[in-house]
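Working notes for the structure below.
The values are calculated or read from the model by the stated rules, or taken from the named source; none is laboratory data. Small disclaimer: the values here were computed from a predicted structure and weren't measured. Ideal geometry is used to build each Cβ from the backbone, glycine not excepted, and the neighbour counts take in all protein chains shown. Quick note on the areas: whole protein, heavy atoms, side chains included, nothing else; ligands and nucleic acids left out. Shrake-Rupley method; radii C 1.70, N 1.55, O 1.52, S 1.80 Å.
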Amino acid sequence: NMPTARFYNESSYGITVYDGDPDQKVTFTSSPYDWMEASFFYSNIQDKPYCNVESDPVCKQDFKDKGFNFKIRLKEEGILPAIAVGINDIAGTGYYGSEYIVASYGINRTDFHFGLGWGTLDGSSENFNNPFGYISNSFNKRPLDEGLGGDFEPSRYFSGETASPFFGLSHVFNDRFKFS
């Protein structure tokens, strides 16, 4: 779940299956270009009610969610790091809604990733005032309600009172083993 400014080659496709607590998630990812990544996910969120009508047997199952993620490269790595921007759950319920700006820089087989996150990526105790709030006060308010999904809510993107820094590291040991 760590955002990076790394991209797979054009025409790459992948699937990720995650079984954790509370979520179980399947994600299908596509890289139609070497500068763009798009993915679709479907998740089961355990112990979150599907609906609130106790007499309806459908409501006895766990909550289901689906959404789309999108990432584009702004700059390739050179002397300075690669930079990308992404939006998770772009038109979904908002349960997984987050946005980020990330930079990645590689030294030999080790990659360093650092960036700013909003929404669900804004959870650090080291958060600070949203830098976009200096451009417009409208960036300081983030809708908190979880909708039914399927609607674009541009007022949610890169908004909230705060943003959090994040850092990550990955190392490639060989062509079959990578530590992230």
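What the table shows:
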| quantity | calculated |
| --- | --- |
| Unsatisfied cross-links (Cα-Cα over 27 Å) in the set LYS71/LYS178; LYS60/LYS141; LYS48/LYS178; LYS25/LYS178; LYS25/LYS75 | LYS60/LYS141; LYS48/LYS178; LYS25/LYS75 |
| Contact order relative to length of segment 58-180, as percent, for alpha carbon pairs under 8 angstrom and 6 or more apart | 23 percent |
| Segments 128-137, 40-49 sorted - mean Cβ within 10 Å per residue, highest first | 40-49, 128-137 |
| Dipole magnitude (debye, nearest 20) for the chain, charges at Cβ of Lys, Arg, Asp, Glu | 440 debye |
| Residues SER55 and PHE179, FRET efficiency given R0 of 45 Å [Cβ-Cβ distance, rounded to 0.05] | 0.35 |
| Surrounding net charge for VAL172, when Lys and Arg each add one and Asp and Glu each subtract one, Cβ distance under 13 Å | +2 |
| Separation between Cα centres of segment 158-172 and segment 86-101, rounded to whole Å | 14 Å |
| Whole-number percent relative contact order across segment 80-138, with pairs defined as alpha carbons under 8 Å at least 6 apart | 26 percent |
| Gyration tensor verdict on segment 1-99 (Cα atoms; rounded if a/c is under 1.5, prolate if a/b is larger than b/c, oblate otherwise) | prolate |
| Percent carbon-and-sulfur accessible area, the chain, ignoring ligands, DNA and RNA, probe 1.4 Å | 56 percent |
| Extension gain (nm, one decimal) between PHE40 and ASN108, 0.36 nm per residue minus Cα-Cα | 21.3 nm |
| Pairwise label distance in nanometres, SER12 with SER125, each label 7 Å out on the Cα-Cβ vector | 3.6 nm |
| The chain shape via C-alpha gyration tensor axes, a/c threshold 1.5 | oblate |
| Taking segment 1-142 and dividing mean pair separation by its residue count, relative contact order in percent (alpha carbons under 8 Å, at least six apart) | 16 percent |
| Label-to-label distance, nm, for residues given as SER155 and PHE70 (7 Å Cα→Cβ offset) | 2.0 nm |
| Segment 1-53: C-alpha gyration tensor shape, a/c 1.5 cut-off, then a/b vs b/c | prolate |
